[in-house]
1. Separation of region 263-298 and region 187-260 by C-alpha centroid, Å?
2. Given the pairs LYS82/LYS156; LYS156/LYS283; LYS156/LYS266, which are separated by over 25 angstrom at their Cα positions?
3. Diagonalise the Cα gyration tensor of region 242-312 and give the resulting equivalent ellipsoid semi-axes, square root of 5 times each eigenvalue, largest first, whole Å.
4. Once you list every other residue whose beta carbon is under 15 Å from the beta carbon of LEU294, what net charge do they have if Lys and Arg are +1 and Asp and Glu are -1?
5. Given 37 °C and 0.692 mPa s, how large is the Stokes-Einstein diffusion coefficient of region 139-287 in µm²/s, with Rh as the Kirkwood radius over Cα pairs?
Amino acid sequence: MEATMKKTEDRMTSEQSSALSSGDERVMGKTEASSGREVESPIDEVSKEEQKDERSKDPVKEKQGTKTESKEVLLKAEHISKYFRVSGGRALHAVEDVNLEIYRGETLGLVGESGCGKSTLGRTLMGIYKPTKGKLYYDGKELDLHSTKARFDFTKKAQIVFQDPYASLDSRMTVGSIIEEGMEIHNMYDTAGRKKRVAELLHTVGLNSEHASRFPHEFSGGQRQRIGIARALAIEPEFIVCDEPISALDVSIQAQVINLLRDLQKDMHLTYLFIAHDLNIVKYISDRIAVMYLGSIMELASSEDLYKETLHPYSQALLSAVPIPDPDKETTKQREIISGDVPSPINRPKGCPFSTRCPKATERCKQEMPVLREVRPNHFCACHIV
Ligand SMILES: Nc1ncnc2c1ncn2[C@@H]1O[C@H](COP(=O)(O)OP(=O)(O)O)[C@@H](O)[C@H]1O
Ligand code: SF4
Ligand SMILES: [Mg+2]
């Protein structure tokens, strides 16, 4: 942990370091409270009856994003769907039939436009949401997501860092109690041990032990996100869902938080699902990237392969919209403009979810949902024409 702290500070500018050590600077006025962990909406989940059409296909045989090679699979999602009940009793298909494996120690990036289901998938994979359909396996064992105890036990292994460092920390609690809460819930350490651990964790994330007695509103966005990271680390998880952890931060602070996450991963052998809509950041931090559209995974490959040989028409359009830092290349590059709007997840197209906007769509695309299959070694794509 010492090493993490040192390495991260080494990469900060002196201005950034002094901003961190002062503690009181960049005091933000926003003090809205939240429970610290986002909770499921009161909207009911889809009934058991609707789960009966559970697909019986073997996802491993279909090889939907499941090439394991010699890597150890930490988390495996099998035909995971998550629907929300919305007005009129209709089902909103936030996540649809996702098959995914996350390897121990890797960072899997998850990208896609706002509303495509990234957060819902992240929360479902870590047991905050009970999937409407499908199964989850952790460390080779199926998780009984209908058992409260099993889900509770799983929260000891899987944690989340939320997007909004302002809303995700309870403003009525001190920083120390926020970080300590998870340890208390999971009966870790005695009171003195927890206090000691809080001090260590604050140090690990680049804050100091005196910050434990302060309140979240006394900190800047970047510092609050460090508190959120310390809270996630407190119960020594193996898997962390980083749900757009830097999108709400100033650009100058973003690199610090990314560097901290990378250092922590190395030192603590963490596995990340890193959710973002900024493709440049995802490319920088991820070993592999999954591209999501309307609740489904469209393409999955190593970061390098995805950028070198983008196969899916949606990924191509998404990547062509990313600015290139070279002005010559940027002015000459061909952009693919996707026309039309994303369809409603309440009324998903029957076939390929992208068929209403895809310039290459055929009649088959409108009728038949393409399966995510391995089209190149370790490169998976859900498209009829690839
Ligand atoms: N608790 C909820 N109740 C109803 N609909 C939800 C809920 N959470 C998310 N949604 C809907 O699910 C879809 C996916 O949302 P989300 O997972 O937040 O997407 P992203 O993180 O990619 O922006 C959106 O249409 C969103 O409105
Ligand atoms: S399956 Fe058809 S509609 Fe979907 S991305 Fe491929 S070509 Fe486009
Ligand atoms: Mg989100």
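Bear in mind these aren't lab numbers, they're just calculated from the coordinates by the rules spelled out. Just so we're clear, the structure is a prediction, and the values are computed from it rather than from any experiment. Glycine gets a Cβ as well: all are built from the backbone with ideal geometry, and neighbour counts include every protein chain shown.
1. Using only Cα atoms to place each centre, the spacing works out to 20 Å.
2. Flagged as over cut-off: LYS156/LYS283.
3. Listed largest to smallest, the semi-axes of region 242-312 are 22, 14, 12 Å.
4. +1
5. 207
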